[in-house]
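For reference, the structure is listed below as structure tokens.
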Amino acid sequence: MRPFTYERAASPADAARAASRQPGARFIAGGTNLLDLMKLQIETPAHLIDVNRLGLDRIEPTPEGGLRIGALVRNTDLAADARVRHDYGVLARALLAGASGQLRNKATTAGNLLQRTRCPYFYDTAQPCNKRQPGSGCAAIGGVTRQLAVIGASEACIATHPSDMAVAMRALDAVVETVRADGATRRIPIAEFHRLPGETPHVETALEAGELITAVTLPPPLGGHHAYRKVRDRASYAFALVSVAAVVQRDGSGRVALGGVAHRPWRVEAAEAELPRGAKRAMAAILDGARPTHENAFKLTLAERTLASVLAEARG
Amino acid sequence: MKFDTPATSNPIDQLRVVGQPVDRIDGPLKTTGTAPYAYERHDVARDQAYGYVLGAGIGKGRVAAMDTAAAKAAPGVIAVVTTLDMPRLGKGEMNTAFLFGGAEIQHYHQAIAVVVAESFEQARDAAAMIRTRYVREPGRFDLAAEAPKAQLASADSGEGSGAPQEDRTGDFEGAFAQAAVTLDETYSTPDESHAMMEPHATIAAWEGEKLTVWTSSQMIAWGRRDLAKTLGIPAENVRFDSPYIGGGFGGKLFLRADAVLAALGAKAAGRSVKLALTRPLIANNTTHRPATIQRIRIGAGRDGRITAIAHESLSGDLPEGQPETAVSQTRLLYAGANRLTALRLAVLDLPEGNSMRAPGEAPGLMALEMAMDEMAERLGMDPIDFRIVNDTQVDPEHAERPFSQRQLVQCLRIGAERFGWNRRSATPGQRREGQWLVGLGMAAGFRNNLVMKSGARVRLHGNGAVTVETDMTDIGTGSYTIIAQTAAEMMGLPLEKVTVRLGDSDFPVSSGSGGQFGGNSSTAGVYAACVKLREAVARRLGFNSAEARFEGGQVRAGNRSVPLGQAAGEAGLTAEDQMEYGDLAERYQQSTFAGHFVEVAVHAATGETRVRRMLAVCAAGRILNPKSARSQVIGAMTMGVGAALMEELAVDKRHGFFVNHDLAGYEVPVHADIPHQEVIFLDETDPISSPMKAKGVGELGICGVGAAVANAVYNATGLRVRDYPITLDKLLDRLPELA
């Protein structure tokens, strides 16, 4: 861990201003990912801005009939919220599928969106990684890739995004609210929030330097059957090989987002028209253009079969 | 004392304390966090500075240059010692890889520097400032690719197990060719990590030429000897102390870089130094269970009797390394006149392969007991019946050598009844519950019982209490407790009158903890010392030692009763002895047996396997403490589930290292993976084993579990996966189409 300076921000706009003033500054909330990465010198911020006391920890109804989730709402609290459990079951289930009870007690909504990949080569500082050290190359390509991306990857990076929560939010069409250094706010649809790696895998989100997430809003409830199915090598406390977030209506229409397959939660809205015709057709469309490795090609079959299982349960 | 004739009756047989399921005597210390582990011994040496070990970033080659200027100038740094500062150090007798010194890199994360600083954070930060230039060399990292170059090799684990390079009885090839029913299949097991909770950790302090290390070691005498040898100093100048150990599983049998670099760092800093290996270093810097590729051939008559059995195993290791003895159990487990076992070793440039819980048998039975399941199906026999038909009460290679005790058949029969084996469908893939396919599997468990010379010192105090000292270790197994139980039984005392002190090289040399020999061997050593103490007490109190009874804190004979403490006098009374063994192990085959039963559910859509219930029925001699023995067995069963379903060090075959070198990437079972577990111990004593009539049990618990899980997966799905771990991707393409 490199030495760093620390301050506690007084307001969201102050935090954003402070961050834009100091190159190499990072916000810290739960710290469940950032501190680990700092110990390994994968993250080396010179300055930390503590945003824990900004009061962004409420869950409130929106005038449109949706829900506004403060950036600092802890994963445990969000999963336990009665409105989330009743109206956004896919989100509650996704949260509880992630990490462990202790981590969920600390981890925040915004921090969960911003967690970084678990690619083992990203974590080993003796290995080249374009995400960790832009331009150094990608050791994962051609290496151990069983966990890594099957679609939307690039010649520079085949990492996946590790979040469960974000996959459910992608299915729900959540919107990320932010504030910038100049005090201006903006609303970023979650579909545009996480980026594909392209040539710049170190740029992971649409956030600008110093821009602070203040909340995530959910549109009014969709109804339907909510499922979050996370498939992994052990029963708990593991990252997804594949996960399926689905909201399925009585008529068989619905929405599907995937975790564990790409650099961001993966959803192809146009493919959802195939859902009433079954998992095989739908998943073929969702994963059209996939380029798996020989070690992770099973994820294509797994995604299809997991979706089939989810649809079967939705039908009752 | 020498144990060279079968035990007759002795004070242990009273079973007033021994054999009782008493709580761990060190339990309160552990549960209150007051049992200090190596890294927490803040009081043993003054001015402890912090060390941080830097591992090499290449799999094979040389260190061309190291720039330490920035690290040395970093805040708080006291000393930096690099591998280029000294020629290659000596090597301990038990080590394969060199631990430090010189430019050559044998494997990834080999230690290349230690940084000593005022704080851990400063040491870690400075270590990251060291710039190292390497010359990479091509390495051999792919076991299957190296197979053609592998050579026959014998093995001696150094902790009692071993196997010749090739072993033949009868005419295997002829009998196999003529057998009515045959099997010829290949199985593979991956590299595995011990993944113990406490990392390797040491505090080192020098006083002149004298070095003390407070460390985490299963084998005190080996560690002391090998540290001295590595540093090139006399063994008498080294003291090893390791009273509490947070798990070892074989990973702490041998001297590792933590002790060497703490000693070197302390020397350079002129201060005591504490350091722990970071989690990423444990996979690649220390040892692991090596991967195997095993070919098994079995030939049998239509009556199910095995006429030919062959087991050949390939594994890899660094130069001067040894093969994994995966064929050991196949020499002894089943009858059959024509037999062949062989070990082949390929040279690999991966980190050192070495002992991990039940080395040999654990991966060997994962293959053999799956082959037995497959063979039973080919014969149209129940897998239990097939094993019973081929039971043997003598060493199949030497019919004149009986097993001292062999209750395998009883284990299987009792297990079948308790587990509800009759509810298993002989045809796989028949039982479905919702989206889950459910199946039952079983396997025989087998692990040899080793006995090791072990010494102890027992001191009687004036208040009638007793202190036992031995360099035996408690790696979480319960050694403290069974040693206290032994001394209490022998001296006629309640448990709370016995104090046990372990893990210090100033104490008499014991068996140490490994090869499941520690429980029986170390208590036998305490028995020997107590016999001596009883004689001394009797002498002092004027009793005929043959007549004296030690009970309730009194020594009694006839009408006379004297408090035990009276024999101690002012100075106390001390006796020291060790238990040595004659040739009983040659005249009798001593082994432990189990029947393992597992029910799994496999998700019909995703192929996820979840264990639902497990049962182990164990025949392992006298159980000294059923509570701690049960803990050993359920822990081992858990490890067996990990081996069956998830544990695998993933090899980067280009760069030569284990990629998933942390506990997020190397998955072991979590609570949610482990269902209802039940353990039954058969009521057994083995007078051939020791005066304790006990045997090992801590490794028996894992032996066979992996195959029982695999066989249950087969029973659930009809799919046979011969390549461990059985992850869902190996089932997925063959699972039934979904509606």
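The values are calculated or read from the model by the stated rules, or taken from the named source; none is laboratory data. Everything numeric here is computed off the predicted structure, so don't read it as measured data. As a convention, Cβ positions derive from the backbone with ideal geometry for all residues, glycine included, and neighbour counts pool all protein chains shown. What goes into the accessible areas is simple: the full protein's heavy atoms, side chains included, and nothing from ligands, DNA or RNA. Shrake-Rupley method; radii C 1.70, N 1.55, O 1.52, S 1.80 Å.
What to note about this one:
- Burial order of peptide ranges A:62-73, B:699-710, A:148-159 (average beta-carbon count within 10 Å, highest first): B:699-710, A:148-159, A:62-73
- C-alpha center-to-center spacing [the stretch A:116-138, the stretch B:563-586] in angstrom: 60 Å
- The trypsin sites (Lys or Arg not before Pro) found in the stretch B:431-462 include none that occupy coil by DSSP while having at most 12 further C-beta atoms within 10 Å.
- Other protein chain Cβ atoms within 10 Å, averaged over every residue that makes up A:230-240: 6
- Taking 29 Å as the limit for the C-alpha separation, the pairs A:Lys39/B:Lys730; B:Lys252/B:Lys693; B:Lys91/B:Lys453 exceed it in the case of A:Lys39/B:Lys730.
- With every protein chain in place, the protein assembly as shown: carbon and sulfur % of accessible area (1.4 Å): 49 percent
- Helical segments meeting 27 Å axial Cα length and Kyte-Doolittle 0.5 threshold in chain B (DSSP H): B:626-645
- Mean separation of Cα contacts under 8 Å (6+ apart) over length of chain B, as relative contact order %: 17 percent
- Volume per residue that the Cα convex hull of the stretch A:153-274 spans, once the total is divided by residue count, Å³: 132 Å³
- The accessible area of B:Asp258, taken with all protein chains in place and a 1.4 Å probe, comes to roughly 10 Å².
- Positions from the stretch B:719-739 whose accessible area shrinks by 40 Å² or more when the full protein complex is built, not the chain alone, probe 1.4 Å: B:Leu728, B:Asp729, B:Leu732, B:Leu738
- Accessible surface computed residue by residue for the protein assembly as shown, with neighbouring protein chains in place and a 1.4 Å probe, gives 35 Å² per residue.
- With 40 Å² as the minimum drop in accessible area between chain alone and full protein complex (1.4 Å probe), the qualifying residues in the stretch B:628-672 are B:Arg654, B:Val659, B:Glu667, B:Val670.
- Rounded Å value of the spacing that divides the Cα centres of the stretch B:86-120 and the stretch B:595-641: 38 Å
- In this structure, B:Ala235 and A:Glu155 have a Cβ-Cβ separation that, at R0 = 51 Å, corresponds to a calculated FRET efficiency of about 0.35.
- Take the Cα of B:Ser425, step 7 Å toward its Cβ, do the same at B:Asp385, and the gap between the two points is 2.0 nm.
- Chain A: relative contact order as a whole-number percent, Cα under 8 Å and 6+ apart: 18 percent
- Delta accessible area of at least 30 Å² on complex formation, residues of the stretch A:283-316, 1.4 Å probe, chain isolated as reference: A:Phe298, A:Thr301, A:Leu302, A:Arg305, A:Ser309
- Cα-only radius of gyration and Dmax that characterise the stretch B:200-339, units Å: 21.6, 74
- Mean shadow area of the protein assembly as shown, taken as a quarter of the surface of its Cα convex hull (nm²): 43.7 nm²
- Computed E for B:Ile674/A:Ala206 - FRET, C-beta separation, R0 41 angstrom, nearest 0.05: 0.45
- Simple label model, 7 Å out from Cα along Cβ direction - B:Arg734 to B:Asp142, nm: 2.4 nm
- Distance-filtered residues of the stretch B:61-97 - backbone nitrogen under 17 Å, label point 7 angstrom along B:Asp47 Cα→Cβ: B:76-80
- Cα-based shape type of chain B, given that a ≥ b ≥ c are square roots of the gyration tensor eigenvalues and the cut on a/c is 1.5: oblate
- Value of [θ]222 nm, deg cm²/dmol, for chain A, DSSP H segments ≥ 4, -39500 (n - 2.57) each, nearest 500: -7500 deg cm²/dmol
- Here B:Asp156 and B:Arg302 are evaluated by their C-beta separation; at R0 = 51 Å the FRET efficiency comes out at 0.80.
- Only aspartates and glutamates eight or more places from B:Lys653 in sequence, or on another chain, were considered; those with a Cα closer than 15 Å are A:Glu295, B:Glu137, B:Asp142, B:Glu146, B:Asp191, B:Asp317, B:Asp349.
- Per-residue average of Cβ from other chains inside 10 Å of A:120-132: 4
- Computed packing ranks the peptides B:506-519, B:207-220, B:76-89 as B:506-519, B:207-220, B:76-89, most packed first, by mean other Cβ atoms within 10 Å.
- The peptide list B:620-631, B:350-361, put in order of mean Cβ contacts within 10 Å with the highest first, becomes B:350-361, B:620-631.
- Cα centroid separation, the stretch A:178-222 to the stretch B:287-325 (Å): 56 Å
- Interface B:A - total buried accessible surface [probe 1.4 Å, Å², rounded to 100]: 3000 Å²
- For the stretch B:456-489, backbone nitrogen atoms closer than 19 Å to the point 7 Å from B:Thr34 Cα along Cα-to-C-beta are found at B:480-481.
- Note on A:Asp288 and B:Ala571: the model spin-label points, each 7 Å out from Cα along the C-beta direction, lie 9.5 nm apart.
- Cα-based equivalent ellipsoid, the stretch B:532-599: semi-axes from gyration tensor eigenvalues, Å: 38, 17, 14
- DSSP beta bridge pairing in the protein assembly as shown, given as percent antiparallel to the nearest 5: 75 percent
- Full extension of the chain between B:Ala546 and B:Thr5 gives 192.9 nm of extra length, using 0.36 nm per residue less the Cα-Cα distance.
- Here the ratio of the Cα radius of gyration of the stretch B:432-509 to 2.2 N^0.38 Å is 1.78.
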